[in-house]
Every structure is written in structure tokens, then in C-alpha cells.
Amino acid sequence: RLQESRERLSVCSKLCYAVGGAPYQITGCALGFFLQIYLLDVAQVDAFYASIILFAGRVWDAITDPMVGFFISKTSWTRFGRLMPWIMFSTPFAIISYFLIWFVPDISTGQVMWYLVFYCAFQTLVTCFHVPYSALTMFISSEQSERDSATAYRMTVEVLGTVLGTAIQGQIVGKVDTPCIGSPFFFGLHNSSVAMEEVNMTHDTESLTDTRNAYMIAAGVIGGLYILCALILLLGVRERRESSELQSDEPVSFFQGLKLVMNHGPYIKLIAGFLFTSLAFMLLEGNFALFCTYTLGFRNEFQNILLAIMLSATLTIPFWQWFLTRFGKKTAVYVGISSAIPFLIAVVVLDSNLFVTYVVAVAAGISVAAAFLLPWSMLPDVVDDFKLQHPSSHGHEAIFFSFYVFFTKFTAGVSLGISTLSLDFAGYQTRGCSQPGQVNFTLKMLVSAVPVGLILLSLLLFKLYPIDEEKRRKNKKALQDLREESNSSSESDNTELASIV
């Protein structure tokens, strides 16, 4: 009981830890919801090249996760810890590269390379922040209940971060009227290209400049929040080496650890299930702004609809935390993720209606909250199960967390690149006031049919996940007994050494 009391975290420590998750979600949400429409309609990048930027950036982001995980496993402990220095030194460079993503360079050639370089640079630097931050879950306490509680705090703040990202980016940008161009068919088929060129030349260029400035202002505000959250994390959380390592542990090499991790059945089954869940919600995230703008016709409302989704998700995180402790994590997965299916179908089947769209947004937010909370709540259970099967192997927490993020980001990059390319093939019109019927049909598929199929597939995979509540309780007790045995052995060795001296 004395050991458990020492391991308990104060509410202040949990809050400071939770705040550290906000920068990743604030920037990720702003990029996820707005980068595609920014590249297409503000920076005026061709849809084909925009798909390359989005695909390459996401795939590079995925590759950097295991790379950072490898370097973290090789990092020596310092007086600040092993993970905190990564967070400290990556922050200022991440903010600079993030701001440059939302800047439109005054260059005739090389614009695509500009966005590709700074998008990849930011993804690398934010990975240097988020992978050690995610692994920090295992270093703040050895008590599973404390880690679960801290994870609930973290998920609440992270979803709040998505609200801030959506609100800051959406409200600042939404107050500026981005000019659109009417369909060339209104000008006659024979000289439609000439008409389009004339409209491009004579349209309100100053209004487009205001839109670009609005994106940079939003980037500056988000960069300031990034710094503030990083400082709170660094000053308010202590990284505890003893919370994760047993005193009898001996280090194992990264590649040996990677082989052990990838052969751990519960881990593979867990990431397989959440892989398809993440794909479903990332497709929805990446295309929802375009869907609201063009298919539903809510050009001036889409930022408020996105905000409704994120607010709903934030407010329901405490409910899902209570639900998983009352009914179990696997039950929470089935109920939480499947609840989005009827509403995703309704938003495309029913006629365009603003009230119905807001109802669907609130319902989707409830499911988003479950998808946010559950992976990070279940991953520590898998790590504990791994430790019981491999008690002599330690230091692989970063591998577990980084490779989970790797698989989700890699497949998300592929899907987002393909979805943007699909819009190009369907005939997407840059800055168009409306889009051809093929584009609207494609958007309906990307925000409804495909996500629903992916969610159903993920629910089937979760049936194979072996760690239920009974297994989790047994693992907790066995791990606690192992720690007590290790501590008793260490204390007897120290007593024997003292008597010899």
C-alpha cells in the first residue's frame, strides 16, 4: 500500500501530462481538416500534385515514427530523463516548419517542392515530440489504474486540442470569404477555357490574399499554443525511470526487441483492429470540409460543423472512460465505434439539410471520442502482457507506441493520396463554386461508404483480441507480484552488502 501511495499521481501532474498531448492534436487536426482544401483552393496546387504532397508527407511521417523510436531506445538517461530532451529540442523547429506550410511562396516554379519539404519537415519534428510523449505513459507510474486515469486526462485534453485546432483554424479562416469561380459551362462550351482564364484574371485577387493571410494568422496562434503546452509538460511532469523498469531487467537490442514486439499476438491484433478504424475516421477527416462545401452546399458553415464534431467528442470522453471501466474496453470498442455507422449512412442518403447535418456531426463526435480514447487506453495493457511473457526484456515502450502510429499513418497516407487522386480523376475544379456530379459522388463514397466498410472490418478483427477484463486483472496482479519479488530481492542484496561492509 505504501508503494501504491508513492506511485499515485496528483491531479496537477495528470493535467500537466495531459496538456502535452494537445500540440500534436491541434496541429494534426488543422492539417487533417484544412490542408487538402488549402492546397487545392488557396495555394492553387493542381489536384494531382496535391495528392502527391499529402501522400508523401503522410508516408514520411509514418516512416519517421519507428526511426525516432529506434533512436529513443538508444538514448541514454539524463537528469531530465530519456524522453524529455527529445520534446524540448524538437519544439522550436517544429513551430517554424508548421508556419511555413501555411505560407504561399511567391515563386513561379518549385511551389510543390516547398510544401512537400516543409510538410515532411514538420511531420519529422512533431514525431520527435509525440513518440516520446506517447511512451511517457509507461514512465509516469507503474500503477495500471494511474496510467489509465492519466490516459483519460490526456485523451480529454487531446480531443479538446482538436476542438482548438478546428476552432482556431476554422473561425479565423471562415471569416474571410474565399472567392470561387463559376462553372465554365455557364460561359458556353466553345470558349470555356478562355472564359475561365478571364475570370481568373479579373476575380477579386485581394480577397484571396486575405484568405492566405488568415491561414498564416491561424498558424501563428497555433504555434504559440504549441510552445505553451510544451512548457507545461516539461515543467510539470517528472519522468520516472523506476516506473517502467524492473530492477532485474537487462537491456535487449532494438532489433531483438522489435522482433519480440512484432511476434506478440495481442499487439498485432490490436493494431490491426485500430488500423482500419483510424483509416475510416482519417478519410472522413480529410474529405469532410470538401464534402460540406460542395456536396452539401454549406460553404459558409463547414467550419462550424467541424467544430460541432470536435466539441461532441470532447464532452463525451469522460463518458467513455466511465463506460470502459464499467463494462470493459472491448465492449466499449464495439459500442463506441459502431455507433457512427447509421449516421454516416444518413448524411448521404437524406437530402441536404443543415439541421440533420449538425445532428450527424454530434453523433459522429461521440464515436470519434471512443476512437481517440480506446487505442491509448489499451496499448499499456498489451505492454504489460508483453512484460509478463518477456520479464528479462525492457525498454521497448517506444517501439510499441511508435509502430502503432507507423501503421496507422502509413495506411492513412496511402488512403489520403488515393482519395485526392480520385477527386482529380473525377474532374475536381480548383476554386470552383460547384463541382461536377462525379466529384460529388466520389466525396459521398469517401465520407460514407468506404468508412462504414472499414469500421465493420475493424469490428470483426477486434473479436480476435485476447485481452479482456479478466485477463487484464490477472496480468495486473502477476506484474505487481513480479515487481514486489524484484524489490524484495534487491533489498535483501543491499542488506547483505551493508552487513559485509
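The values are calculated or read from the model by the stated rules, or taken from the named source; none is laboratory data. Only a predicted model underlies this, so the values are computations on that prediction, with no experimental measurement involved. Using ideal geometry, Cβ is built from the backbone for each residue, glycine included, and neighbour counts are taken over all protein chains shown. For accessibility, only protein heavy atoms count, side chains too; no ligands or nucleic acids. Shrake-Rupley method; radii C 1.70, N 1.55, O 1.52, S 1.80 Å.
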Taking first residues from region 355-380 that are assigned by the TED database to the domain that holds Trp322 and second residues anywhere that are assigned to a helix (DSSP H, G or I) and among the basic types (Lys, Arg), the pairs with Cβ under 8 Å that are 6 or more apart or on different chains are Leu374/Lys329; Trp376/Arg154; Ser377/Lys329; Met378/Lys329; Pro380/Arg147
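Could you count how many residues in region 323-364 are among the charged types (D, E, K, R) and part of a loop (DSSP other than H, G, I, E, B)?
Just the residues of region 323-364 that are among the charged types (D, E, K, R), to begin with: 326, 329-330, 351.
From what's left, part of a loop (DSSP other than H, G, I, E, B): 351.
Within region 323-364, residues that are among the charged types (D, E, K, R) and part of a loop (DSSP other than H, G, I, E, B) number 1.
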If you check Glu206, Glu197, Glu239, which single one turns out to be of a type in the set (D, E, K, R), at pLDDT below 80 and not in a helix (DSSP H, G or I)?
-> Glu239
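So, Gly413, is that one under 19 Å from Phe34 (Cβ atoms) and either open to solvent by less than 20 Å² (accessible area, probe 1.4 Å) or at pLDDT 85 or above (or both) or not? Give the derivation first.
Values: under 19 Å from Phe34 (Cβ atoms): yes; either open to solvent by less than 20 Å² (accessible area, probe 1.4 Å) or at pLDDT 85 or above (or both): yes.
Yes, satisfied.
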Determine which member of the set Asp46, Asp61, Asp41 is open to solvent by 40 Å² or more (accessible area, probe 1.4 Å), of a type in the set (D, E, K, R), at pLDDT below 90 and out of contact with any Cys (no Cβ under 6 Å at 6 or more places or on another chain).
-> Asp46
(1) in contact with a Ser or Thr (Cβ under 9 Å, 6 or more places away or on another chain); (2) at pLDDT 75 or above: which one isn't true of Pro251, the others all being true?
-> (2)
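Would a scan of region 36-51 turn up a residue that is on the phi < 0 side of the Ramachandran plot, part of a helix (DSSP H, G or I), within 18 Å of the chain's Cα centre (by Cα) and in contact (Cβ under 8 Å) with a residue 40 or more places away in the chain? Let's see the steps before the verdict.
Narrowing region 36-51 to residues on the phi < 0 side of the Ramachandran plot: 36-43, 45-51.
Pick out the ones that are also part of a helix (DSSP H, G or I) and you get 36-41, 47-51.
After this cut, where a residue has to be within 18 Å of the chain's Cα centre (by Cα) as well, the list is 36.
Of the ones still in play, those that are also in contact (Cβ under 8 Å) with a residue 40 or more places away in the chain are 36.
Among the residues of region 36-51, at least one is on the phi < 0 side of the Ramachandran plot, part of a helix (DSSP H, G or I), within 18 Å of the chain's Cα centre (by Cα) and in contact (Cβ under 8 Å) with a residue 40 or more places away in the chain, which makes the answer yes.
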If you check every pair at least six apart or on different chains, which have Cβ atoms under 9 Å apart with a residue in region 292-310 that is at positive phi first and a residue that is surrounded by fewer than 21 Cβ atoms within 10 Å (Cβ to Cβ) and not charged (D, E, K, R) second?
-> Gly297/Ser352; Gly297/Ser434
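Within region 275-282, does at least one residue satisfy the condition of being closer than 20 Å to Gln169 by Cβ and either in contact with a strand residue (DSSP E or B) (Cβ under 9 Å, 6 or more places away or on another chain) or crowded, with 16+ Cβ neighbours inside 10 Å (or both)?
Yes, region 275-282 contains a residue that is closer than 20 Å to Gln169 by Cβ and either in contact with a strand residue (DSSP E or B) (Cβ under 9 Å, 6 or more places away or on another chain) or crowded, with 16+ Cβ neighbours inside 10 Å (or both).
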Among the listed residues Leu246, Leu231, Leu225, which satisfies the condition of being open to solvent by less than 60 Å² (accessible area, probe 1.4 Å) and modelled with pLDDT of 90 or more?
-> Leu225
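Return the residues of region 293-313 that are among the polar types (S, T, N, Q), in a helix (DSSP H, G or I) and open to solvent by 20 Å² or more (accessible area, probe 1.4 Å); say none if nothing qualifies. Can you show your working first?
Keep residues of region 293-313 that are among the polar types (S, T, N, Q), which gives 293, 295, 300, 303-304, 312.
Checking which are in a helix (DSSP H, G or I) leaves us with 293, 295, 303-304, 312.
Answer for region 293-313, where residues must be among the polar types (S, T, N, Q), in a helix (DSSP H, G or I) and open to solvent by 20 Å² or more (accessible area, probe 1.4 Å): Thr295, Asn304.
Among the listed residues Ser134, Ser97, Ser76, which satisfies the condition of being open to solvent by less than 10 Å² (accessible area, probe 1.4 Å), of a type outside the set (Phe, Trp, Tyr) and without any contact (Cβ under 8 Å) to a residue 40 or more places away in the chain? Reasoning before the result, please.
On the way: Ser134 fails: without any contact (Cβ under 8 Å) to a residue 40 or more places away in the chain; Ser76 fails: open to solvent by less than 10 Å² (accessible area, probe 1.4 Å).
Just a single option satisfies the conditions, and that option is Ser97.
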Answer yes or no as to whether Ser90 is outside any helix (DSSP H, G or I), out of contact with any Ser or Thr (no Cβ under 7 Å at 6 or more places or on another chain) and not aromatic (Phe, Trp, Tyr).
-> no
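With the structure loaded, tell me whether Val117 is at pLDDT 90 or above, among the aliphatic types (A, V, I, L, M) and under 22 Å from Gly223 (Cβ atoms) or whether it fails that test.
yes
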Assuming Phe33 fulfils every condition listed in (1) closer than 23 Å to Phe302 by Cα; (2) modelled with pLDDT of 85 or more; (3) crowded, with 24+ Cβ neighbours inside 10 Å apart from one, which condition is it?
-> (2)
